[in-house]
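Colleague: Take a look at this one; I'll ask things after.
FYI, it's all coordinate maths here, none of it is from the lab. Bear in mind the structure is a predicted one, so any value in this text is a computation, not a measurement. Cβ coordinates were reconstructed from backbone atoms using ideal geometry, including for glycine residues, and neighbour counts include every protein chain displayed.
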Amino acid sequence: MKLNGFNKIKTAVFISGNGTNLRSLIKYSLLRNSKFSINLIISNNYKAKGLQYGNRFKIKKKIINYKNVKKAEKEINKSLKENKIQLICLAGFMKILTKNFIKKFKGKIVNIHPSLLPKYKGLNTHKRAIENGEKFSGCTVHFVNSKLDSGKIIIQKKIRIYKKDTPNTLSKKILKQEHILYPKALTKIISNY
Ligand code: GRF
């Protein structure tokens, strides 16, 4: 997977919901110096708000029916191949990828998670961090392995939790940082290719 100075790394973003991280990745990818392009959006949810960015920025979209995981991943595989995708970014993708799929794309799938991993894997991270009286939380971009939110950490951003913070205010603050952190993480890993 060589970056030859002209070609940007072809990237697919997997979403299930709002897609604000997708939007920030697209915006960054359009900068002249960016090392990646967003060529494909995959969603398991045809109602995902983030799909609008596919239309707005003229990026291919693929909606995947997840009733049968095996079939779903087969279809995803096909789409990735057709679009010569080199890197996969999970951004609020609410489906678990199978071990087989992850193995196939080893070292080429990354995820963004709204906590300072290894703390608070899984859902409701902000609520749990506040309830535990944490002084800091944040966000992490990491490689995906077969254990949930457990792959090698690429980059993190720490955020102070104040007494007045609620899960809602904290999530807004962290999401804003996610939008900066994700493109930074991609730039970092691509530089190491
Ligand atoms: C983000 O908080 C991300 O860390 C988590 O899901 C959320 C997705 O938000 N994995 P959005 O769809 O990118 O707005």
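Colleague: Going through segment 131-193, which trypsin sites (Lys or Arg not before Pro) have at most 10 other Cβ atoms within 10 Å and a DSSP loop state?
Modeller: Loop-located and lightly packed - K135, K147, K152, K163, K164.
Colleague: Restricting the count to DSSP beta bridges whose residues both fall in segment 79-187, what percent are antiparallel, rounded to a multiple of 5?
Modeller: 80 percent
Colleague: Scanning the chain for helices, which whole DSSP H stretches are 24 Å or more long along the axis (Cα) and average -0.5 or more by Kyte-Doolittle?
Modeller: 167-191
Colleague: Then there's this: Of the listed pairs K67/K106; K67/K119; K121/K173; K35/K173, which have alpha-carbon separations greater than 21 Å here?
Modeller: K67/K106; K67/K119; K35/K173
Colleague: Below 10 angstrom from the Cβ of Y120, what's the summed charge of the other residues (Lys, Arg +1; Asp, Glu -1)?
Modeller: Net charge in that neighbourhood comes out at +2.
Colleague: Let me ask something else about it. As a test of the formula, what do you get for the chain when each DSSP H run with n ≥ 4 contributes -39,500 (n - 2.57) and the sum is divided by the residue count, at 222 nm and rounded to the nearest 500 deg cm²/dmol? Display every interim value, and only then the final one.
Modeller: Numbers: 6 runs with 67 residues, N = 193.
For the chain, the value works out to -10500 deg cm²/dmol.
Colleague: Which trypsin sites (Lys or Arg not before Pro) in segment 1-86 sit in a loop by DSSP (not H, G, I, E or B) and have at most 11 other Cβ atoms within 10 Å of their own Cβ?
Modeller: K2, R32, K47, K58, K67, K84
Colleague: Quick one: dipole size for segment 69-193, taken about the Cα centre, charges +1 on Lys/Arg Cβ and -1 on Asp/Glu Cβ, in debye to the nearest 20. List each step's numbers first, then the result.
Modeller: Details: 29 positive and 8 negative charges, 38 e Å.
The dipole magnitude comes to about 180 debye.
Colleague: State the antiparallel share, in %, of DSSP beta bridges confined to the chain, rounding to the nearest 5.
Modeller: 40 percent
Colleague: For I154, enumerate residues with amide H under 5 Å from its amide H, sequence gap 5+ or separate chain, H modeled in the peptide plane.
Modeller: V141, H142, F143
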